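The values are calculated or read from the model by the stated rules, or taken from the named source; none is laboratory data. This is a predicted model, so every value here is computed, not measured. Neighbour counts run over all protein chains shown; Cβ positions are idealised from the backbone, glycine included. Heavy atoms of the whole protein, side chains included, go into the accessibility calculation; ligands, DNA and RNA do not. Shrake-Rupley method; radii C 1.70, N 1.55, O 1.52, S 1.80 Å.
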Amino acid sequence: MREHATDILILGSGGAGLFAALHAHQAAPGLSITVAVKGLLGKCGCTRMVQGGYNVALAAGDSIERHFMDTIEGGKWLPDQDLAWKLVTLAIERIHELENELGCFFDRNPDGTVHQKAFAGQTFDRTVHKGDLTGIEIINRLAEQVWARDIKRLEEHRAVELVKARGEEAVSGVLFVDMRSGEYVLVRAKAVLLATGGGPTMYRYHTPSGDKSCDGLAMALRTGLRLRDMEMVQFHPTGLLAGAHTRMTGTVLEEGLRGAGGWLLDANRERFMHKYDPKLERATRDIVSRAIFSEMRAGRVTPNGGVYISMAHLGPEKVAKAFKGMVERCADSGFDLAGGLVEVVPTAHYMMGGVEFAPDCSTALPGLFVAGEDAGGVHGANRLGGNGVANSTVFGGVAGESMAAWVAAEGALREPDRGQIDAAQARCERPFAKKAVAHGAIESAREALYELMWDKVGIIRDAAGLRAALAGLDAIETDLDAAGLADHNRAFNLTWHDWMNLKSLIEVSRVIAHAALAREDSRGAHFREDYPEAGPLEASAYTSAALAGGGVDIAMRPVAFTRVRPGESLLSAARR
Ligand SMILES: Cc1cc2nc3c(=O)[nH]c(=O)nc-3n(C[C@H](O)[C@H](O)[C@H](O)COP(=O)(O)OP(=O)(O)OC[C@H]3O[C@@H](n4cnc5c(N)ncnc54)[C@H](O)[C@@H]3O)c2cc1C
């Protein structure tokens, strides 16, 4: 096993990881900083895939109070209000930093102000963007800045375990597999940032990048940390549906299409959203996803089993200009978005749940910090489109500063718990020790997981289905544990990595199902057919999950209304 040491170790190179690296470097240029990532820096993760844009209260008439209230009401009163406040206030600082220090070009109005477009669930058009490929602009500029500094990179290094200090409740480093050689690597660090971006890729239809498999959340659980809001999995209503033969199926068609006035049509080419919400297609993602799923269950489906999105009534030329990237993506799959109909289906997009954390990004494990989609509590039951990349960049920057301060105050290279490293290696080695089983066993486990999570832990849930899902997950894991690897060459052994991906996904799926079973109401992304009411908002509680005694412990914890209570608003009555 190779060993390295660094002051600050950052896992992941999305918006959270790269902002953390830059802010830590700025705060303490003398510290050694290492970014370790499963893919290539700047080329992987979901921040790069951001299409629609970035929510921030910039324009006259908008305010941080309005952005905050949209976030709290969209999150059905479950967000941690101090985290949400930090999001909306620091988003302003961060967008100026992106433009003026990092060099991002966002679209502008003729008068030179930044153009902000409509996204669903917002009372003001506040989404800053670069066409419909905003993430590429953000990540390219961030990566250039990281490359230009003395920040070490460990690319194609997959984190497999957060290693605690020997005999002490603190982090001491991270165990990796160097994917290029298959070798184990221990990186000892004074502070570690978990920014691996969650990623609900356990569902039949999903949007996140293939490198995301909930590894960070699984590692956090194993190290004893609690995760909150894990039942809250956001389905984006409009995933492309181009048949099972293409990975384009499930990839997202951005919310701006509905924001701009796009229509959803059933198999008879009739609009149906009026049956579900007065805001029609501009209702929040949870409502639109449920509406589409209900149409699907009623059998009013397109040839591939979804519904249609139609933009042609807005003028094909206008659509082609405003949504160039989307139009090209649809054309690649044989659809004419500007002038025709495109088949869509709800697709698992984002996890509102994640590691419990404080506004300075610290966690219950000293020395371990968390930011971005791995962190829970900012969005509650529903993330507004445009609040995701704001979340990762805002809290990434905060984490970078906090880690620099932590290292100065309490940082030490702590002796790693070698027993934990041995156990983690033994777990990763498991498929090498098995006799190779029938070709396709891992693929069958993946298919079974997709189906189970989509059917029983998806958009509409009930107790019987969730209990069946828990039993099903055990069965899938048993099959996976019995599967061996035909190829024992470790260099770029992607079947081995698939096996590890599935292990993480099953571990986290179990927590999602347990949390969904514990929440006996319906809020935002979580809808229980057997408990369809939201319940009293004043008594709002969030789920807090941890591994315990070979199972999952779920506690219901009251939401602290630190800034505003249900029924109140930070906006005066005249401005609501
Ligand atoms: C298609 C799509 C469109 C989106 N559009 C928008 C939008 O318009 N507006 C918006 O606000 N949000 C949008 N989002 C959500 C947004 O992308 C995320 O909220 C945000 O970018 C997450 O940032 P992050 O830094 O937490 O994670 P990511 O950017 O996903 O980065 C995670 C990083 O962790 C690495 N990693 C994963 N596992 C490991 C491991 N085991 N070891 C080491 N490294 C690991 C990955 O390789 C990656 O580098 C979109 C998401 C998708 C998928």
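The label point for ARG149 and the one for ALA364, both projected 7 Å from the Cα toward the Cβ, are 3.2 nm apart. Overall, segment 241-343 carries a charge dipole of about 200 debye about its Cα centre when +1 sits on the Cβ of Lys and Arg and -1 on the Cβ of Asp and Glu, all other atoms neutral. Once the Cα-Cα distance is subtracted from the 0.36 nm per residue extended length, the THR89 to PHE105 segment shows a gain of 3.6 nm. Please report the base-10 log of the normalised intensity I(q)/I(0) for the chain, using a Debye sum with one equal scatterer per alpha carbon and no solvent, at each q in 0.11 (1/Å). One equal scatterer on each Cα of the chain leads to -0.99.
Straightening the chain between ALA298 and ALA555 buys 88.9 nm, computed as 0.36 nm per residue apart minus the Cα-Cα spacing. Spatial offset of segment 509-566 relative to segment 37-61 amounts to 28 Å, using the alpha carbon center of each. Once C-alpha pairs closer than 8 Å and six or more residues apart are averaged by separation and normalised to the residue number of the chain, the relative contact order reads 22 percent. Measuring with a 1.4 angstrom probe and ignoring ligands and nucleic acids, GLU443 comes out at about 80 Å² accessible. Summing charges over all other residues whose Cβ lies under 9 Å from the Cβ of ALA218, with Lys and Arg as +1 and Asp and Glu as -1, gives 0.
Take 80-87, 263-270 and order them by the average number of nearby Cβ atoms within 10 Å per residue, most first; the result is 80-87, 263-270. Each listed q (0.17, 0.26 Å⁻¹) maps to a log10 I(q)/I(0) for segment 143-209 from the Debye sum over equal C-alpha point scatterers, namely -0.84, -1.15.
Averaged over its residues, the chain has an accessible area of 35 Å² per residue, based on protein heavy atoms and a 1.4 Å probe. Computed from point charges on the beta carbon alone (+1 for Lys and Arg, -1 for Asp and Glu), the dipole magnitude for the chain about its Cα centre is near 340 Debye. Between ASP125 and ALA464, the C-beta separation translates, for a Förster distance of 51 Å, into a calculated FRET efficiency of about 0.75. Two numbers describe the Cα atoms of segment 284-367: Rg and Dmax, which are 18.8, 56 Å.
Using a Förster distance of 45 angstrom, determine the FRET efficiency expected from the C-beta separation of ASP82 and ASN489, and round it to 0.05. With a Förster radius of 45 Å, E is 0.35. Estimated at the nearest 10 Å², the accessible area of LYS164 is 40 Å² with a 1.4 Å probe.
Solvent-accessible area of THR196, all protein chains in place: 40 Å² (probe radius 1.4 Å, heavy atoms, ligands and nucleic acids excluded). Charge tally for GLY167 (other residues, Cβ to Cβ under 15 Å; Lys, Arg +1; Asp, Glu -1): 0.
Across all directions, the average flat footprint of the convex hull enclosing the Cα atoms of segment 387-429 is 5.1 nm². Its Kirkwood hydrodynamic radius, worked out from the mean inverse distance over all distinct Cα pairs, puts segment 1-94 at 15.8 Å. Taking Cβ atoms as reference points and 14 Å as the exclusive limit, the residues near GLY380 contribute a net charge of -1, counting Lys and Arg as +1 and Asp and Glu as -1. Selection among LEU186, GLY75, GLY210 by position relative to the dipole of the chain gives GLY210 as farthest towards the positive end (Cβ unit charges, Cα centre). Helices that extend 30 Å or more along their long axis by alpha-carbon positions and average at least -1.0 on the Kyte-Doolittle scale are, among the DSSP H runs of the chain, 387-410, 494-518.
Only the Cβ atoms of Lys and Arg (+1) and of Asp and Glu (-1) were treated as charged; on that basis the dipole of segment 338-491 about its Cα centre amounts to roughly 140 debye.
The helix-based estimate of mean residue ellipticity at 222 nm for the chain, built from -39,500 (n - 2.57) per DSSP H run of four or more residues and divided by its residue count, is -11000 deg cm²/dmol to the nearest 500. Calculated translational diffusion coefficient of segment 68-201 (25 °C, 0.890 mPa s; Stokes-Einstein with Kirkwood radius over alpha-carbon pairs) equals 131 µm²/s.
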